[in-house]
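The values are calculated or read from the model by the stated rules, or taken from the named source; none is laboratory data. Because the structure is predicted, anything quoted here is derived from the model rather than measured. Methodologically, a virtual Cβ is constructed for each residue, glycine included, from the backbone with ideal geometry; neighbour enumeration extends over all protein chains shown. Ligands, DNA and RNA are excluded from the accessible area calculation, which covers all protein heavy atoms including side chains. Shrake-Rupley method; radii C 1.70, N 1.55, O 1.52, S 1.80 Å.
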Amino acid sequence: MAKKKALKLNQESIISLYIDYVLTKGQPPHSVYEFAKINEFDEAVFYQFFASFQKLEAQFLSNMFDYTLEVIDKSADYKAYDAAQKLSCFYFTFFEIATANRSFVTYLLKSERLPLQNLMKLKQLRVNFLEFTKSILDVPIKIENEQFANLQSKAVNEGAWLQFMSIIKFWLDDHSANFEKTDIYIEKVVKLSFDLIYNVPLDSVLDFGKFIWKEKVGK
């Protein structure tokens, strides 16, 4: 029998109910049936939007990405930025949104015992991010051979994804006030990556090395 809440539910509201459950209970529901019953809607309604809790979690991260682009696209200055500035702007905005949802994001990326299971939740986010970087990052060397040009482009974008992952890891471990050290990390890692690919790297390598030594090794 359909419950009263069924007609009011959508993707966003179901995600919100799931977040509330997880953060209150400290674990995911045992089943979709249990989750639906607790929130007084039919189990079938859940499957109109998600195939599983894992798909819901991946969608939440994808929605964060989409919202990040919505925010930065509204900036009048963004369109005039160069690639490094656009990438930095994306990072700063994404992690500002992530910080507003830190408890749940931390749960998503640390809840599984096997790291690979946590990484699987980033699958759709990875697709979205690579599409974004392809639109803003140029290859350092213009190559006539299409095959080599594609390989170079893939290397640049995959490198950006690894950079994004390193920032996520740093942010998860950051306990500084207002996560200011993550902001510093973003500034330095973006500058270093662009210097390594497009410019002379020595100053940025040394600066980034000092920062990492102080934050990780020095402690």
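Here are the numbers for the structure shown:
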read-out	value
The listed residue being farther than 16 Å from A58 by Cα and modelled with pLDDT under 90, out of F148, F164, F132, F95	F148
Of all residues making up region 9-59, the number that are open to solvent by 90 Å² or more (accessible area, probe 1.4 Å), free of Cβ contacts under 8 Å to residues at least 24 places away in the same chain and within 18 Å of S111 (Cα to Cα)	5
K142 vs. criteria modelled with pLDDT under 95, open to solvent by 20 Å² or more (accessible area, probe 1.4 Å) and not in a helix (DSSP H, G or I)	yes
Restricting region 65-100 to residues that are open to solvent by 70 Å² or more (accessible area, probe 1.4 Å) and of a type in the set (S, T, Y), the residue that is nearest to F132 (Cα to Cα)	Y67
Residues satisfying the stated conditions in region 19-44, i.e. within 30 Å of F129 (Cα to Cα), part of a helix (DSSP H, G or I) and not charged (D, E, K, R)	I19, Y21, V22, L23, V32
Total residues in region 168-189, condition over 18 Å from A84 (Cβ atoms) and aliphatic (A, V, I, L, M)	3
Residue among S62, S103 that alone is of a type in the set (S, T, Y), under 26 Å from I167 (Cα atoms) and open to solvent by 70 Å² or more (accessible area, probe 1.4 Å)	S103
Tabulated pairs, region 99-122, first modelled with pLDDT under 75, second surrounded by fewer than 16 Cβ atoms within 10 Å (Cβ to Cβ) and not in a loop (DSSP other than H, G, I, E, B), C-beta under 6 angstrom, 6+ apart or interchain	E112/N118
Residue list for region 66-104, restricted to those being among the aromatic types (F, W, Y) and assigned to a helix (DSSP H, G or I)	Y67, Y78, F90, Y91, F92, F94, F95, F104
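Here's the yes/no breakdown for (1) under 14 Å from L87 (Cα atoms); (2) part of a helix (DSSP H, G or I); (3) modelled with pLDDT under 85; (4) open to solvent by less than 40 Å² (accessible area, probe 1.4 Å):
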| position | (1), (2), (3), (4) |
| --- | --- |
| V156 | yes, yes, yes, yes |
| L192 | yes, yes, no, yes |
| I197 | no, yes, yes, no |
| V205 | no, yes, yes, no |
